[in-house]
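The structure appears right after this line, and notes come after that.
The values are calculated or read from the model by the stated rules, or taken from the named source; none is laboratory data. All figures in this text were calculated on a predicted structure; none of them were measured in a lab. Here Cβ is always computed from backbone atoms with ideal geometry, including for glycine, and neighbour counts include all displayed protein chains. Note: areas computed on protein heavy atoms with side chains; ligands, DNA, RNA excluded. Shrake-Rupley method; radii C 1.70, N 1.55, O 1.52, S 1.80 Å.
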Amino acid sequence: MPAKQSAIATEAGKFVAEQFFSMKTIEEKVTDPANLQKIMPAIEEHIDDFLRNKLKKEMPFIGMFVGEKTINSMKKVFIAELENLFPKIISSYATNLAKDINVEQLVAQKIGAVPIAEIESAFRRKFSRDLRLAQFISILIGTLIGLVVMLIIIYIK
């Protein structure tokens, strides 16, 4: 089995990349406008904190001239700009990420790095009951086939 670990890892990587983990699907999820709307309250909170506290602290002179009405107007402008900008930035980021991440290769490397004994042990822990059941059924079927063959031989003579 250790000799085939590399081939198994490569095939598992290919299977995972094709069947389970599509970078295109992740890009679609990340750039979905509904997901942006989920994070907008947190973004709005940060912008509000920036305009009310950090801006006045970093630039006290500007803070003297910025009132509640100006802060609310600026916040609306910033949020509108971010709503336009975020999908473009995130789409670009997701595209670059998809180019940088080779799922097939990543999975193959991870599987190839795990010792066979560890994989076997984990497999046995998870499926020991199923393996015993399969062994029992195999023994039962083998015995039944053997008895049928023996009966056929006895009756043919």
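Expressed as a fraction of 2.2 N^0.38 Å, the C-alpha radius of gyration for the chain is 2.07. On the beta carbon distance between ILE141 and SER22, with R0 = 25 Å, the FRET formula returns roughly 0.05. Think of the chain as a dipole: +1 on every Lys or Arg Cβ, -1 on every Asp or Glu Cβ, centred on the Cα centre; then among ILE119, MET40, ILE62, ILE119 lies furthest on the positive end. Calculation over all alpha carbon pairs of the stretch 34-127 in 10 angstrom steps from 0 returns a P(r) of 13, 25, 18, 16, 14, 11, 5, 0 percent. The charge dipole of the stretch 13-157, taken about the Cα centre with unit charges on the Cβ atoms of Lys, Arg (+1) and Asp, Glu (-1), comes to about 500 debye, rounded to the nearest 20.
Between LYS14 and ILE154, the contour length at 0.36 nm per residue exceeds the Cα-Cα span by 45.1 nm.
How much length is gained on full extension from PHE61 to LYS29, taking 0.36 nm per residue of separation minus their Cα-Cα distance?
7.3 nm
Full extension of the chain between SER121 and THR70 yields a length gain of 11.9 nm, computed as 0.36 nm times the residue separation minus the alpha carbon distance. Our Cα-only numbers for the stretch 1-67 put the radius of gyration and Dmax at 24.3, 74 Å.
What residue among PRO87, GLN105, LEU51 has its Cα farthest toward the positive end of the dipole of the chain, where the charges are +1 on Lys, Arg and -1 on Asp, Glu, each on the Cβ? Positive-most Cα among the choices belongs to GLN105. A Förster radius of 22 Å combined with the Cβ-Cβ distance from PHE50 to ASN84 puts the calculated FRET efficiency at roughly 0.75.
Which whole-number value in Å² is the accessible area per residue of the chain, probe 1.4 Å?
Values: 12510 Å² over 157 residues.
Ligands and nucleic acids excluded, the result is 80 Å² per residue.
Of the solvent-accessible surface of the chain, computed with a 1.4 Å probe over protein heavy atoms with every protein chain present, carbon and sulfur atoms account for 65 percent.
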